[in-house]
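Reading through the structure tokens given below for one structure.
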Number of protein chains: 2
Amino acid sequence: MSEIARKSGGRRQRRDSEELRAALLAAASEVFLEEGFQSASIEAVIEKVGGSKRAIYSHFGGKKELFLALVTDASSKIIDSLPRSDEVSGDFGWTLKTFGMEVSRVLMMPTTLALYRAVIAESARQPDVAETFFLNGPGRVAKRLAEVLNQFEASGVISIADCQRAAERFLGMLRDDVHLRVVLGLQPPPSENELEQSVDQAIEIFLRGIETRGS
Amino acid sequence: MSEIARKSGGRRQRRDSEELRAALLAAASEVFLEEGFQSASIEAVIEKVGGSKRAIYSHFGGKKELFLALVTDASSKIIDSLPRSDEVSGDFGWTLKTFGMEVSRVLMMPTTLALYRAVIAESARQPDVAETFFLNGPGRVAKRLAEVLNQFEASGVISIADCQRAAERFLGMLRDDVHLRVVLGLQPPPSENELEQSVDQAIEIFLRGIETRGS
DNA sequence: ATCTTAAGGTACTGTGCGTTACCTATCCAT
DNA sequence: ATGGATAGGTAACGCACAGTACCTTAAGAT
């Protein structure tokens, strides 16, 4: 009954509803990422959208659920901009650089940084948020890079026992102390130029190491 | 006058006072690191120590100052357990492994993890906390490792342009996705065995890279 | 003994905010 | 038209908790 009612009749309502939902999510994104989950107030979100708090409770259920929706949304969007493993060219160095640069840029985006802070802050209280973030975000990045490494492993360009772990190493090098300082707000994000130098150095180490050859 | 009074007379008072201060700090450590700064309540800290909130306000000034004192204390203590650059033996691989293992263990300690979460959560609102943490913690670790690398660079074992950055790379590899998953509470800290495998792999890459030699 | 100084304790205040109870308007089905 | 359901709005509740005003106790100085 309500099924039928919804199916045909719900159409117009649902459209408005979804617009509102999107608007709420966008506003929540601004507020939560700027202030963090706990400091952020539902009221501030509503102020940006207009309307009343009730909207949030009917659409999402509560503050926590709104946050989870936001994290799901944001972490997926961020990753979508990364190159896919099936768009990989022949040259390994070039591939690694493209991938590294793209990841570095994403890591230093204000939205990403804020999301990172907010999620870590809440991870103990909201494990589902932490899991959603990781699976949609860093987890997928590592997986993609691992696939790329696998391809090059197969063709003999490189030799790695565990591509997954190696990928995580490379990404770890990109998420280094500079990243931590930026996350902590101790320095501004690096310029494109600095990013490039950083990626180049990481690649150099990743490919050839630092030991003196011929020893 | 009050100077004189303090100088001789304050002795007994001051001793009790410092005991109390230490007890407050210890209790604050438990509460703040478990709950995070915002969720932690002054009252919970007092409950552990006995006494009244007044003690915190006279000793520290307020909730924020208490947190800063805690972070200063905790981040220094953690680092003190790390090997110093002047205790370095002749073998580079061994040195790197010792250093790597010690850092990995520290990174995975519950206290360290909680501190990391709490500081990141508050970094935007309390920049001084972020700075204190970084300078006493990760910053000092990287510096120590950089000194070690410098020594081996000088003796030609390795070849690095920028030891500071290289040290940060190595540490970045240790603070990889596994660390992030543990920080987020998605998996328990690795066993000593897993830690060792992880460090070994990081060292292998750091020293020799993954590219097929002879190409 | 008494005065002074400061730490420690009690109890209150004020506020911010998530949540909910209740009401109103809209829109489809018949 | 009309009934019924649902989204959206208004206003109030209730609670947790940082901070504080005021009092009490203790310790050293004279």
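The values are calculated or read from the model by the stated rules, or taken from the named source; none is laboratory data. Everything quoted here is computed from the prediction, not taken from an experiment. Cβ sites come from the backbone with ideal geometry, for glycine too, and all protein chains shown count toward neighbours. Each accessible area value is taken on the protein alone, full model and side chains, heavy atoms only, with ligands, DNA and RNA left out. Shrake-Rupley method; radii C 1.70, N 1.55, O 1.52, S 1.80 Å.
Quick one: label points 7 angstrom along Cα→Cβ at B:D80, distances to the other copies in nm, smallest first?
Those separations, rounded to one decimal, come out as 5.2 nm.
Given only helices, namely DSSP H runs of n ≥ 4 each adding -39500 (n - 2.57), what is the per-residue ellipticity at 222 nm of chain B, to the nearest 500 deg cm²/dmol?
Values: 11 runs with 152 residues, N = 215.
Mean residue ellipticity, 222 nm, calculated: -22500 deg cm²/dmol.
Apply 1/(1 + (r/R0)^6) to the Cβ-Cβ distance of A:K143 and B:Y57, taking R0 = 56 Å, and write down the FRET efficiency to the nearest 0.05. Please list the in-between numbers first.
Numbers: r = 50 Å, r/R0 = 0.90.
The pair A:K143/B:Y57 has a calculated efficiency of 0.65.
Taking beta carbons within 10 Å but only from partner chains, what does the mean come to for residues A:181-190? The partial results should precede the final answer.
Details: counts 5, 0, 6, 12, 8, 8, 0, 0, 0, 0.
Mean inter-chain Cβ contacts per residue within 10 Å come to 4.
Could you tally the net charge around A:V129, taking each other residue with its Cβ under 11 Å from the Cβ of A:V129, Lys/Arg +1 and Asp/Glu -1? Provide the component values of the computation, followed by the final result.
Values: positive: A:K64, A:R125; negative: A:E65, A:E122, A:D128, A:E131.
Around A:V129, the charge tally is -2.
Tell me the carbon and sulfur percent of the accessible area for segment B:10-143, rounded to whole percent, probe radius 1.4 Å.
Working: 3260 of 6570 Å².
Looking at segment B:10-143 in its full context, I get 50 percent from C and S.
Quick one: which of A:203-209, A:151-157 comes out on top by average Cβ neighbours within 10 Å, and what's the full order, highest first?
Details: A:203-209: 19.7, A:151-157: 14.9.
Answer by packing, highest mean first, reads A:203-209, A:151-157.
Which distances, in nm and shortest first, link the B:W94 label point to the same label point in every other copy, taking 7 Å along Cα→Cβ?
List, nearest first: 4.6 nm.
Under the rule a/c < 1.5 gives rounded, and otherwise a/b versus b/c splits prolate from oblate, where does the protein assembly as shown land using the Cα gyration tensor? Spell out each step's value before the answer.
Details: a/c = 2.37, a/b = 1.03, b/c = 2.29.
Cα axes put the protein assembly as shown in the oblate bin.
Keeping all protein chains in place, calculate the accessible area per residue for segment A:113-215 (probe 1.4 angstrom), answer in Å². List each step's numbers first, then the result.
Numbers: 3950 Å² over 103 residues.
Result: 38 Å² per residue.
Need one word for chain B: rounded, prolate or oblate. Basis is the Cα gyration tensor (sqrt eigenvalues a ≥ b ≥ c); a/c below 1.5 gives rounded, then a/b vs b/c decides. Present the calculation step by step, with values, prior to reporting the outcome.
Working: a/c = 2.92, a/b = 1.94, b/c = 1.51.
Taking the square roots of the gyration eigenvalues as a ≥ b ≥ c, chain B is prolate.
Using θ = phi - 60° and the Karplus relation 6.51 cos²θ - 1.76 cosθ + 1.60, list the HN-Hα couplings for segment A:173-179 in order, rounded to whole Hz, with x at every Gly or Pro.
Values, residue by residue: 4, 6, 9, 9, 5, 4, 4 Hz.
Distances in nm, one decimal, shortest first, from B:K143 to the same residue in every other copy, taking the label point 7 angstrom along Cα→Cβ.
Distances between equivalent label points, in nm: 4.1.
Mind checking how much accessible area A and B bury in total, 1.4 Å probe, in Å² rounded to 100? List each step's numbers first, then the result.
Details: alone 12880 and 12890 Å², together 21000 Å².
About 4800 Å² of accessible surface is lost on pairing.
First select every other residue whose beta carbon is under 15 angstrom from the beta carbon of A:A69; then total the charges, Lys and Arg +1, Asp and Glu -1. Walk me through the numbers before you get to the answer.
On the way: positive: A:R21, A:K63, A:K64, A:K77; negative: A:E18, A:E30, A:E65, A:D73, A:E122, A:D128, A:E131.
For residues surrounding A:A69, the net value is -3.
Give me the net charge of B:I160's neighbourhood, meaning all other residues with Cβ under 12 Å from the Cβ of B:I160; Lys, Arg count +1, Asp, Glu -1. Please report the intermediate quantities before stating the final value.
Numbers: positive: A:R208, B:R165, B:R169; negative: A:E204, A:E211, B:E153, B:D162, B:E168.
Here the charged neighbours net out to -2.
Among all the aspartates and glutamates, which ones have a C-alpha under 18 Å from B:K53's C-alpha, if same-chain residues fewer than 8 places away are not counted?
B:K53 reaches B:D16, B:E18, B:E19, B:E30, B:E43, B:E65.
Just to be sure I understand: with springs between alpha-carbon atoms less than 10 Å apart, which residue in B:R54, B:R21, B:R117 has the highest mean-square fluctuation in the Gaussian network model of chain B?
Sorting by GNM fluctuation, first place goes to B:R54.
Within segment A:59-215, what is the number of lysine pairs with alpha carbons under 27 Å apart, leaving out pairs fewer than eight places apart on the same chain?
Values: A:K63/A:K77; A:K64/A:K77; A:K77/A:K97; A:K77/A:K143; A:K97/A:K143.
Step by step, the pairs that qualify in segment A:59-215 add up to 5.
Order these peptides, B:165-175, B:135-145, by their mean beta-carbon neighbour count within 10 angstrom, highest first.
Listed from highest to lowest mean packing, they are B:165-175, B:135-145.
Averaged over A:196-206, how many beta carbons belonging to a partner chain fall within 10 Å of each residue's beta carbon? Could the numbers behind the result be given before it?
Values: counts 0, 2, 3, 0, 0, 7, 4, 1, 5, 11, 7.
Per-residue shielding by partner chains comes out at 4.
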